[in-house]
1. Restricting to segment 128-142, name every residue that is in a loop (DSSP other than H, G, I, E, B) and not small (Gly, Ala, Ser).
2. Given the criterion of a type in the set (Gly, Ala, Ser) and open to solvent by less than 10 Å² (accessible area, probe 1.4 Å), identify the matching residue among 75, 95, 65.
3. Could you check how many residues of segment 31-62 are within 25 Å of residue 167 (Cβ to Cβ) and either out of contact with any His (no Cβ under 6 Å at 6 or more places or on another chain) or open to solvent by 60 Å² or more (accessible area, probe 1.4 Å) (or both)?
4. Regarding segment 199-214, can at least one residue be identified that is surrounded by 24 or more Cβ atoms within 10 Å (Cβ to Cβ), under 21 Å from the mean Cα position of the chain (by Cα) and closer than 22 Å to residue 168 by Cα?
5. Looking at segment 128-146, which of its residues are in contact (Cβ under 8 Å) with a residue 60 or more places away in the chain and more than 20 Å from residue 275 (Cβ to Cβ)?
6. Here is a list: 171, 154. Which entry is under 23 Å from residue 304 (Cα atoms) and either surrounded by 23 or more Cβ atoms within 10 Å (Cβ to Cβ) or out of contact with any Phe, Trp or Tyr (no Cβ under 6 Å at 6 or more places or on another chain) (or both)?
7. Just a yes or no: is a residue in segment 35-46 at pLDDT 95 or above, under 22 Å from residue 174 (Cα atoms) and not in a loop (DSSP other than H, G, I, E, B)?
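The values are calculated or read from the model by the stated rules, or taken from the named source; none is laboratory data. Treat the numbers as computed from the prediction; the structure is a model and nothing was measured. Positions of Cβ are generated from backbone atoms using ideal geometry, with glycine treated the same way; all protein chains shown enter the neighbour counts. SASA here: full protein model, heavy atoms, side chains in, ligands and nucleic acids out. Shrake-Rupley method; radii C 1.70, N 1.55, O 1.52, S 1.80 Å.
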Amino acid sequence: MRRREFIAGSMSAAIWPIGASAEQAHPRIGFLHQGGLPTPPLMAAFRSGLREGGASPDIEIDHRAADGDYNRLPALVADLVNRRVSVIAAELLPASLAAKAATKTIPIVFLTGSDPIGSGLVSSIARPEGNVTGIAFLFTRLGQKNLELLRQLAPKHEVIGTLINPSNPNAAPQLRDLEAASRTLQQQLVILNAKDIDEIDSTFAGLASRNVDALLVTADGFLISRQDEIVGLAARYAVPSMYPTSEYVFAGGLMSYGASLRDAFHQTGLYVAKILAGATPSDLPILQSAKFELMINLRTAKSLGIAVPAGLLALADEVIE
């Protein structure tokens, strides 16, 4: 049962004209993805935000996906700019930074799990400057909590593998957080790099040879877009795994802790609709998640032979039975 919801920051904003890009006779949304295309539930959440904001249900959305090859992002966003889209939605940090670098005039609504100020997307939360605003759900800085929860679920597992995409600019700060937490908890970590699907496959195949007992999947757009493969491999190799978003658990993963990605997509759609209606990005404050949700899949726990501690179940916001 869900007990806590995505908590936004200030939800009200003044509406001002933003120029010709929002006044096209047939507005069109460009959606830039650093991984693959979003799952149908995430796109349904985005479209529900568009509808809530008054956008036409038939509005055209041009998707461009880098499939984990972040070097492709500048060309992909340049194509959207050349197509003169009315607004660009950018999914996660590398895509958001590429969009910001590509245009100073087309409004951008980012969706990021990173610190939007520290990453250079904006300089103010309350009043972002220029043509950029968005949603920040900060799931890249929860490594210590995720590690603690995984240890609580599987306390006898001596070696925990950390699956990370080294191409992501968030990789280094996530690793620093996890390594600091592992020293505090006296937990042995093994770093497992995976920047494409072949490396994901080979990483899982080599877990036993590296004595990895459990797995922590870090926050990354490409890895999220490959959630079905990752969850399937975790089941195949019977490795208890902790994930950064509930989408993995909906797909059959064991446990996740973080802000709701579906709620974040909904809020992104709502902000895009506000801009299409004439709002200025600088008058739409950055929305931040203040609550995070713990989700546990008891069916998966049973298949792995794991008895979830009662105390951990009591903390869960949602349990799949």
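1. Our first condition is that a residue be in a loop (DSSP other than H, G, I, E, B); within segment 128-142, this holds for 128-131, 137-138, 142.
Listed by number, the residues that qualify are 128, 129, 131, 137, 138, 142.
2. Working: 75 fails: open to solvent by less than 10 Å² (accessible area, probe 1.4 Å); 65 fails: open to solvent by less than 10 Å² (accessible area, probe 1.4 Å).
The conditions single out 95.
3. Start the filter on segment 31-62 by keeping residues that are within 25 Å of residue 167 (Cβ to Cβ), which leaves 31-39, 42-43, 46, 62.
After this cut, where a residue has to be either out of contact with any His (no Cβ under 6 Å at 6 or more places or on another chain) or open to solvent by 60 Å² or more (accessible area, probe 1.4 Å) (or both) as well, the list is 32-39, 42-43, 46, 62.
Here the count works out to 12.
4. No, segment 199-214 has no match at all.
5. Filtering segment 128-146 for residues in contact (Cβ under 8 Å) with a residue 60 or more places away in the chain gives 128-140, 142-143, 145-146.
If the condition is that a residue be in contact (Cβ under 8 Å) with a residue 60 or more places away in the chain and more than 20 Å from residue 275 (Cβ to Cβ), then 138, 139, 140, 142, 143, 145, 146 are the ones that fit.
6. Working: 171 fails: under 23 Å from residue 304 (Cα atoms).
Answer to the selection: 154.
7. Within segment 35-46, not a single residue is at pLDDT 95 or above, under 22 Å from residue 174 (Cα atoms) and not in a loop (DSSP other than H, G, I, E, B).
So that you can scan it fast, the table gives a plain yes or no per residue for (1) in contact (Cβ under 8 Å) with a residue 24 or more places away in the chain; (2) touching a Ser or Thr at 6+ places or on another chain (Cβ under 9 Å); (3) part of a helix (DSSP H, G or I); (4) under 16 Å from residue 283 (Cα atoms):
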position: 71; (1), (2), (3), (4): no, yes, yes, no
position: 74; (1), (2), (3), (4): yes, no, yes, no
position: 77; (1), (2), (3), (4): yes, yes, yes, no
position: 101; (1), (2), (3), (4): yes, no, yes, no
position: 118; (1), (2), (3), (4): no, no, no, no
position: 126; (1), (2), (3), (4): yes, yes, no, yes
